[in-house]
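Notes follow the structure.
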Amino acid sequence: MKCPACSTQLSHLDVNGVEVDVCKGGCGGVWFDTHEFKKFDEPFELTGESLLEIETDPGIEVDRSKRNCPRCDNITMMRRFFSTKREVEIDECGSCAGVWLDTGELAHLRSLFDSEEDKKAAAKEIFADLFGPQLEGLVKEREESKKNARRLANMFKFICPSYYLSDQQDWGAF
Ligand SMILES: [Zn+2]
Ligand SMILES: [Zn+2]
């Protein structure tokens, strides 16, 4: 499979039992097949923060327009989750239900904080900004959206546990 954002060949990776395809040496994005994404119906105890440490090419050109699913032929993915302030994007395929995550901005945010203390201080703001309103909006919709929001939240917790703060979501995603 080719990266939907920069066309680099994706590499298969097992992260604590979650099988993903990563854009190693390219943009650093991560692809979750639908059955892997479904694993996040429940919170994952083991974490995949190493996904934010994938070697990337800083000079790579990332396509920010609508992307085609790396798994399906000629299917344009839907951008379901987008924080303009943080530029974190998730693209979902309406056909195979796989999920593409741009990790670039998450990795960048992580690199800004040297100490654990700084990280903690900034985490609350980042978490609220990234995961708050968008996920909360989804929860207010249908039951299926609620499930999806919970999955996304668990996926984020898996990828960047240092941004995760317990008891911040009164709607119960965590
Ligand atoms: Zn890429
Ligand atoms: Zn697809």
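Rule-based calculations on the coordinates, nothing more; no lab input. Note that the coordinates shown come from a computational prediction; the quantities given were computed from them, not determined experimentally. Cβ placement follows ideal geometry from the backbone for every residue including glycine, while neighbour counts extend to all protein chains displayed.
For the reader, a short list of remarks on this structure follows.
- R0 of 22 Å, Cβ-Cβ distance K66-S95: FRET efficiency to nearest 0.05: 0.95
- Ranked list, fewest to most other Cβ atoms within 10 Å of each Cβ, for C3, C96, C69: C96, C69, C3
- With θ taken as phi - 60° and the Karplus curve 6.51 cos²θ - 1.76 cosθ + 1.60 applied, the whole-hertz 3J(HN,Hα) list for the range 27-40 is 8, x, x, 10, 10, 10, 5, 4, 6, 6, 4, 5, 4, 8 Hz, x standing for glycine and proline.
- Estimated FRET transfer efficiency (R79, E116; beta-carbon r; R0 30 Å; 0.05): 0.35
- Taking I159, I90 and counting other C-beta atoms within 10 Å, the order from fewest to most: I90, I159
- Placing pseudo-labels 7 Å out from each Cα toward the beta carbon at L13 and L46 gives an inter-label distance of 1.5 nm.
- Close amide H partners of V15, meaning residues 5 or more places away or on another chain with modelled amide H under 5 Å apart, are V20.
- Remark: C23, C72 ranked as C72, C23, counting other beta-carbon atoms within 10 Å and listing the fewest first.
- Prolate/oblate/rounded label for the range 1-74 (Cα gyration tensor, a/c 1.5): oblate
- Segment E55-T34, extension gain: residue separation times 0.36 nm, minus the distance between their alpha carbons: 5.1 nm
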